[in-house]
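Let me begin by presenting the structure, written as structure tokens, before commenting on it.
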């Protein structure tokens, strides 16, 4: 499927214009928003909002926080013993997923079999500079080995070059490989390497390609997740697509802030620490 580059540009420009005009409406509940700020609500609806909601309730308990976390170990020197420990911790604390490099996904799937914790693998990682058909094969192989979620890296250089067709095809090939096998596809846009219009365009292309999530970072670049980027991504993709904040999230408070900004999943290598902090504060 070919992307209309001018249409993508117009959509990205329109979203940026709306974001510049809009002020974030913060209310403890939707009911109070309608009572206290009716004109702001009408303005947001007029701008094209499909759904309105208040900030999610904070994940105050350890169990609530754990269900948002992808427990992650992507270091090249990770050992089998560390992978087993990662899985055992995920089972103990009830994390959403265990995310590892493709070489370990079969072992993770065996270790997590019969549990609610999802095996997750990465594709085109960490640079995103692999051809799309190779990424699709990599995704299918990981799914064959037991992955139920795939985190793929976009072709960052192509995005920055304005090659929207290539970027969208790159994403779509992996999305199709995932969806034909009932797996979830998360699209890493590597926000630290993009300016704001590029972040908006990356999210628009990921949504157009059918991605289930957009994700901030690999954790291997010059920066990780920020509250501002998570809020921007949420406002661009709307309520239909998940947002995963990853990279540099090392505390319970940082994770809470990401969720409050619009994240629906947290990628962290220190998930146990985060949950223990949640438990200590509850």
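Per-structure values
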{"item": "Answer residue from region 151-162, given it is outside any loop (DSSP other than H, G, I, E, B) and within 15 Å of residue 199 (Cα to Cα) and is nearest to the chain's Cα centre (by Cα) among those", "result": "153"}
{"item": "Residue count, region 64-122 (criterion: surrounded by fewer than 20 Cβ atoms within 10 Å (Cβ to Cβ), in contact with a helix residue (DSSP H, G or I) (Cβ under 8 Å, 6 or more places away or on another chain), without any contact (Cβ under 8 Å) to a residue 40 or more places away in the chain and more than 13 Å from residue 148 (Cα to Cα))", "result": "7"}
{"item": "Boolean, residue 205 is at pLDDT 95 or above, surrounded by fewer than 24 Cβ atoms within 10 Å (Cβ to Cβ) and more than 20 Å from residue 97 (Cβ to Cβ)", "result": "no"}
{"item": "Per-region count, region 253-270, residues touching a helix residue (DSSP H, G or I) at 6+ places or on another chain (Cβ under 7 Å) and more than 20 Å from residue 240 (Cβ to Cβ)", "result": "3"}
{"item": "Subset of region 123-148 [touching a helix residue (DSSP H, G or I) at 6+ places or on another chain (Cβ under 9 Å) and touching a residue at least 60 places away in the same chain (Cβ under 8 Å)]", "result": "125, 128"}
{"item": "Enumerated helices (runs of 4 or more DSSP H) restricted to region 69-150, each holding at least 1 residues that are within 21 Å of the chain's Cα centre (by Cα), at pLDDT 95 or above and more than 28 Å from residue 253 (Cα to Cα)", "result": "105-112, 132-144"}
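The values are calculated or read from the model by the stated rules, or taken from the named source; none is laboratory data. The structure displayed is predicted, hence computed values, not measured ones. FYI the Cβ positions are ideal-geometry reconstructions off the backbone, even for glycines, and counts take in every protein chain you see.
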